[in-house]
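Chemist: Have a look at this one before I ask anything.
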Amino acid sequence: MKKIQLSILSVSTALFLSSCYYDNFKELHPDSALSNNGCDTTGVISYSAQIVPALHNSCTSSCHNGTGSGHDMTTWSAVNFDAVDPGGSKLVGSVIWDGVAQQMPQGGTSKISDCDITKIKKWVAAGAPNN
């Protein structure tokens with residue numbers, strides 16, 4: 001009888017301990033949309049779907065639109081030039097406010113959203129494709 005009770009206790013303990021499994025989702029999936037406060041940076045970052053809207057919100061709606069001051073950033077070729085500059089990405093440097101490139105938006109009190117910065121950085125790291 002004691003062997004049966006000991007066996008049941010051992011199996012119960014093993015089942016109980018194996019059910020206490022914990023993983024930190026953000027550590028397991030650092031590029032997950034959930035780890036970026038709802039910012040979806042998973043998969044391939046698309047120029048037309050993610051970069052154009054990010055640039056429109058902060059760059060081309062006011063200055064960099066071909067009619068205002070500053071570098072025209074309304075086309076992929078113009079944005080691509082700044083993104084893959086051999087001396088370092090002017091685009092990334094200006095939006096992350098690294099102190100090297102000119103800070104954009106110029107005269108702004110805050111930089112573009114962390115979500116948009118992450119998308120731009122991933123797009124540039126992928127070679128700034130026209131997709």
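Chemist: Across the range 40-75, which residue is surrounded by the fewest Cβ atoms within 10 Å (Cβ to Cβ) among those that are on the phi > 0 side of the Ramachandran plot and modelled with pLDDT under 80?
Modeler: Keep residues of the range 40-75 that are on the phi > 0 side of the Ramachandran plot, which gives 43, 66, 70.
If we keep only those that are modelled with pLDDT under 80 as well, we get 66, 70.
Details: 66: 12, 70: 16.
By that ranking, first place goes to 66.
Chemist: Within the range 102-131, track down each residue that is part of a helix (DSSP H, G or I), within 17 Å of residue 56 (Cβ to Cβ) and among the aliphatic types (A, V, I, L, M).
Modeler: Once the filter is applied, which keeps residues that are part of a helix (DSSP H, G or I), within 17 Å of residue 56 (Cβ to Cβ) and among the aliphatic types (A, V, I, L, M), the range 102-131 yields 117, 120.
Chemist: Pairs only if they're at least six apart or on different chains, beta carbon under 7 angstrom, first in the range 51-65 and closer than 11 Å to residue 75 by Cβ and of a type in the set (A, V, I, L, M, F, W, C), second at pLDDT 80 or above and not in a helix (DSSP H, G or I); list them, first residue then second.
Modeler: 55/73
The values are calculated or read from the model by the stated rules, or taken from the named source; none is laboratory data. All of these numbers come straight from a predicted model, not from anything done at the bench. Using ideal geometry, Cβ is built from the backbone for each residue, glycine included, and neighbour counts are taken over all protein chains shown.
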